[in-house]
Amino acid sequence: MEVTAAIRQRRSVKQYDPEHRLTEDEIRHLLGHAMLSPTSFNMQNWHFVAVTDREVQTKLCAAAWNQAQVRDCSLTLVITGRMDAWKDMTRQLRHAPENVQEMFGKMVPGFYSGNDALERDECVRSVGIAGQTVMLLAKDMGYDSCPMIGFDPAQVSEILALPETHAPLLMITIGKALAPARPRMGLLSFDEAVSINRFGNHTLSGQPDES
């Protein structure tokens, strides 16, 4: 499938075939490619918790206010943000040249230290990019998905035994759709969502919009 087709066809599906499961090879294919998603300083400040056990999915469903897709999908994926990934870059840079390891080893802690908002923002960015990669690749594999923030993070953390340094930022349900997505509620027009060169200028020529 072409990327543009995957983008156009990806929709948030809420009803899945509960009898269908992803194979281990499919999960490795899906998440192995998601791990190629870019992160600042190669921090790789995410972690993927792939839940296939129906009992655990049922517990996650309860933590997601009983949204049935969490229990019925083939794979419930929780992507966490590793808040302390910047503190020690040895793991992420182990294959980098020595001079790069030294440079990043000093630069990265200095950039994030003492800035909790930036630390979390960076995790949200990384998780969001990885999540979109997951959903587009799932579509390419013939599956549907639904990104979710409707869950209790404390309960999810307890169910999955997440360490304190890992925040559950995004849940994605993946599987075989039993019913199509609901009709789109309406997309913004191009001019409403895009500015050229400065905010509020909507002419693609880049010249001021005099209307």
Exercise. Run Arg125 past the list (1) within 15 Å of Ser37 (Cα to Cα); (2) crowded, with 21+ Cβ neighbours inside 10 Å and report the number of the one that doesn't hold.
Key: (2)
Quiz item: Of all residues in the stretch 10-27, how many are touching a strand residue (DSSP E or B) at 6+ places or on another chain (Cβ under 6 Å) and either in a helix (DSSP H, G or I) or without any contact (Cβ under 8 Å) to a residue 12 or more places away in the chain (or both)?
Solution: 1
Practice problem: Quick one: count up the residues across the stretch 66-81 that are over 19 Å from Ser145 (Cβ atoms) and either surrounded by fewer than 21 Cβ atoms within 10 Å (Cβ to Cβ) or of a type in the set (A, V, I, L, M, F, W, C) (or both). | Solution: 1
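So which residues in the stretch 167-191 are of a type in the set (Ser, Thr, Tyr) and assigned to a strand (DSSP E or B)?
Pass one, the stretch 167-191, residues of a type in the set (Ser, Thr, Tyr): 173, 189.
Matches in the stretch 167-191: Thr173 only.
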Quiz item: Among the residues of the stretch 142-166, which ones are among the polar types (S, T, N, Q) and outside any strand (DSSP E or B)?
Solution: Gln155, Ser157, Thr165
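Each reported figure results from applying straightforward, stated rules to the coordinates on display, with no laboratory input. Note that the structure is a prediction, hence the values are computed from the model and not measured. Quick reminder, even Gly has a Cβ in these numbers, built from the backbone with ideal geometry, and neighbours come from all protein chains shown.
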